[in-house]
Structures are given as structure tokens and as C-alpha cells.
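The values are calculated or read from the model by the stated rules, or taken from the named source; none is laboratory data. Model, not experiment: these values are computed from the prediction. Positions of Cβ are generated from backbone atoms using ideal geometry, with glycine treated the same way; all protein chains shown enter the neighbour counts.
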Amino acid sequence: MPRSETLSLDLSHFRPGMRVAVAVSGGADSVALLLALMEQAPQQGLVLSVAHVNHQLRAEESDGDEEFVRKLAETHGLPFHVVNRNVLEEARASKQGIEETAREVRYAFFRSLMSAGQVDLVATAHTLDDQAETVLMRLLRGAWTEGLGAIHPVVSFPSKGKIVRPLLATSRAEVEAYLKARHQDWREDSSNGDESFTRNHIRHQLLPILLEYNPRLRENLANLAATARDEEAYWQAELADLLPMILLPGKPVRGGGRSASTLPGETSIAIDAERLRGLHPARRRRVIRAAIGKLGATIGFEHTEVLLQMCGSGADKAPSRLDLPNGVKAERSARELRLSVGGTTADFPSYTLPVPGEAMAEGFGLMFRATCPQLSPMDAAFIRTPRAGDRVQLRHSRSPKRIKEVFERMHIAAPERQSWPVVEWRGEIVWMQGVELESEMARDAGLKILAEAASPNPA
């Protein structure tokens, strides 16, 4: 049976006199964290307050959450910090997924509280279940150790303050047992039952099945995350010494030295192929990924292996030039592999999206999910960039519009349009980033397209 007398909290980052804002959404986890910290506050010497973000995503329900948390703070005599933001509109404006935008809004709010000197630290209520779900989600997407590290116990900011997760070793069942023992209610977020979101699908479908094979799977996945974080910290220290010996800026010029690119907006870096070949395979992969990271991009395993092949002893069998996702270009010379990003826009690949099903569109940095109750996975849509002559039917518009006209209305510049994602199904564009489209064919079939950022940032 889950414990109900008390909750196990990681208090290692708290110090006497600290002003701690507890992030409370109104859900069970955050309400339990607030009560547990209130019980510890006198002996730990903590000064507590409550922080809440109203994302305005669920209309009256979101306002009800805010009112619930406000009354909870008032009941216990705690200061209440709140911010209201229209996350849906901000997501459209920034061309990001709703979940990623909501997360950025929350953390910007937390940082503002700390930078203004109102609080020293923010505590969030991520649990053992959240950690397990995050690790599974990253595994399914093919993450490396930086992604498998999942939710970090503490996130420190260079300027001021940190965010801590004291409940990472506590299960959701323990949280609910704790609240029920105290006759404390909480708010249920209706969107948590929407399995069109990957995390909810993992929570309600995949994880329960896996727990039948190993009831301690949550703990094992959390241990994997901790190991991955340690591995990543080790490799970052190793790379700090290794990279200066292998990475070279720009490209060589006659007479010696190296030059920067003259293409507008292009940055480049080169890898000494001979030195790279002398390294252990694990180090070679790390160097490749670190070089790509210095260009502000990421690539998957298969592209990493192609780049290694271009640098290897069998380079004559590998391509000498290669266009990669996220606008990265690779060019092999006799002595080095030159990587660049920017300049002339490379053609974006297209991706097949099973209907229903999921597809990772690495070139766009998005994970797409298609739901359609009336179709089998034999049907498919295509994720691609716009083409000349494309037309789209905007919601509440009388007739189809040229996609060029839609871009002009959105104030999207011509270079950016070349990498803008759309989804085509049965010859019709049924989804476009940043706008709501109307498709009678998709509506009749029950087709819904959802996209969320494929970023590996900690939750």
C-alpha cells in the first residue's frame, strides 16, 4: 500500500531562510508538494509562497484552477504569485508546439520571480511517474544520453536562482494516498485524458502494459535517467579537452590559415578526419554530435553514422557532399570534414505520416501524430514544405487561398517559407503550421493532425 503518513522529499537543495515559491497547478502532485513543504517549513526554516500560471488553454476550467490555487494559498496564509498568458496564441506566433510554449512561459515566470528578488528558489512537483514517462518518451524518439537524463532534480540559472524537483522519487499513487489521508481535494486537468498527446498515450496505454512485466519499471527508468545524467556530465568534461585538438573553424585557404564563410548567416566548423579516425568509436560519435551542436543543430543516429563513414577509412565509398536535417551541410575534403549551417537554404525532406500513427520529422524539429477512427494504418499523409501553386482552405474563409497569400498575411519572409511544414493528405493540405485549416474531407473522416516539438530539453 502507498505511504500516506508523509511524503519522501529531497530537501538537499533547501537552506534555512530560503524564500521558496511552490509551483502549484491545482493538480494532485503540486497540491501534495505544497502541503508536504508546509509540514517541513518550520524545522527547515523555509519561507513559502505559491506560484501559478494560467495558460488559458481550457477556458473556464483554467480559470477554475487559478481560483482553486488562490483560495488554497489564502487558506494557509501564503503569498500568491500568478500570471495569465494566452499560450495558444503565443505558440502560433512563435511557430512552436503548445506544450513547449507552455513550458517556456512557466519557466520564464519562475525566472522572473527569482531575478526580481521575490524568491530564492522554485519547487515543482515532478514525480517518479513523470520521470518514467519522460524516459520512455525519449527512448521511443531515439534520444542519446542528454535526452535520457530526462527530468533533472535541479536546474540552476547562471543569473540567479534554481528550480528543484523534491518529489522525483515519489510515485503518483503515494501522492494521492497522502492527500486522501488529509482529506485534501485537488483539480483534475481534463487534457490529461487526451491520448492524442504522446505523454498521455504512454501514461494510460504503454506504461501499464510494461509494468505487468516489471512492477519496478518506474524505479528502473529513473535509475537509467540518473545514470544518463552522470554519463553526460562525464562526456562533457572529456569533450572540453578533446574538441580543441580536432575541431577547426571555417575552411583552409592557400598559403595557410583558415577563413570564415562569406555566405550571409552561414557558420561552419571542420573536423580533422585523420585525428578523428584514431579515436575510439564512442569518442568519434561524441565529437560529431558536439560539432553539430556548436552549429546550433542536432542530428539523429543514422546521420551521425553517415558522417563517421565520410571521415573513415572507407570514405571513398561514402558521399563527398551531404545535406542533413535542420539545414546542416557536410562536405568531405582530403583532410577534413567541413560542416556548415545557414547560407543557401537546402531542400527539406518529406516524411510519410501513417494515418493513424506518428512520424518524427527531424528536419522540422517536430513529432507529428495523426488520429483517425475510421481508417487503418495503411493510409498515409505526407509532411513536406510548400510548393508553388499550393492552396489552403482557412477556417472561416469562403474560398481556398494561395499559400503565398497566407504567408504574406502571417508576415513570413520568403526564406523562412522554404522550411515551413504542411501536411498533405489525399492531394489536399489539411494542416499548416501557425494557421487553422478547414477540410471537409478530413472532417468527414475524423482526421486530426497534432504536432509537438521534438526538443530534448528537460521537462
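Annotations
- Candidate set from the range 373-395 (those that are touching a helix residue (DSSP H, G or I) at 6+ places or on another chain (Cβ under 7 Å) and part of a loop (DSSP other than H, G, I, E, B)); member that is modelled with the highest pLDDT: 386
- Single residue of the range 99-139 satisfying the filter (in contact with a Ser or Thr (Cβ under 7 Å, 6 or more places away or on another chain), of a type outside the set (Val, Ile, Thr) and closer than 14 Å to residue 163 by Cβ) that is surrounded by the most Cβ atoms within 10 Å (Cβ to Cβ): 125
- Against the list (1) modelled with pLDDT under 85; (2) part of a strand (DSSP E or B), the condition residue 370 fails is (1).
- Counting only helices (runs of 4 or more DSSP H) wholly contained in the range 85-155, the ones carrying 2 or more residues that are modelled with pLDDT under 85 occupy 87-94, 98-115.
- Enumeration of residues in the range 281-296 that are surrounded by fewer than 18 Cβ atoms within 10 Å (Cβ to Cβ) and part of a loop (DSSP other than H, G, I, E, B): 296
- Qualifying residue in the range 11-18 (condition: closer than 24 Å to residue 189 by Cα and under 26 Å from the mean Cα position of the chain (by Cα)): no
Every residue, every condition in (1) assigned by TED's automatic domain parsing to the domain that holds residue 449; (2) surrounded by 13 or more Cβ atoms within 10 Å (Cβ to Cβ); (3) under 30 Å from residue 368 (Cβ atoms); (4) at pLDDT below 95, yes or no:
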site: 166; (1), (2), (3), (4): no, yes, no, no
site: 184; (1), (2), (3), (4): no, yes, no, no
site: 189; (1), (2), (3), (4): no, yes, yes, yes
site: 192; (1), (2), (3), (4): no, yes, yes, yes
site: 198; (1), (2), (3), (4): no, yes, yes, yes
site: 203; (1), (2), (3), (4): no, yes, yes, yes
site: 213; (1), (2), (3), (4): no, no, yes, no
site: 219; (1), (2), (3), (4): no, yes, no, no
site: 224; (1), (2), (3), (4): no, yes, yes, no
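- Pairs where the first residue, in the range 303-318, is in the same structural domain as residue 280 (by TED's automatic domain parsing) and the second is at pLDDT below 85 and in a helix (DSSP H, G or I), C-beta under 8 Å, 6+ apart: 303/325; 309/315; 309/317
- The single condition among (1) touching a residue at least 24 places away in the same chain (Cβ under 8 Å); (2) in contact with a helix residue (DSSP H, G or I) (Cβ under 8 Å, 6 or more places away or on another chain) that residue 101 does not meet is (1).
- Only one of 23, 32 that is over 23 Å from the mean Cα position of the chain (by Cα), surrounded by 19 or more Cβ atoms within 10 Å (Cβ to Cβ) and in contact (Cβ under 8 Å) with a residue 60 or more places away in the chain: 32
- Matching residues, the range 281-310, being of a type in the set (A, V, I, L, M, F, W, C), over 20 Å from residue 360 (Cβ atoms) and modelled with pLDDT of 85 or more: 282, 287, 290, 291, 308, 310
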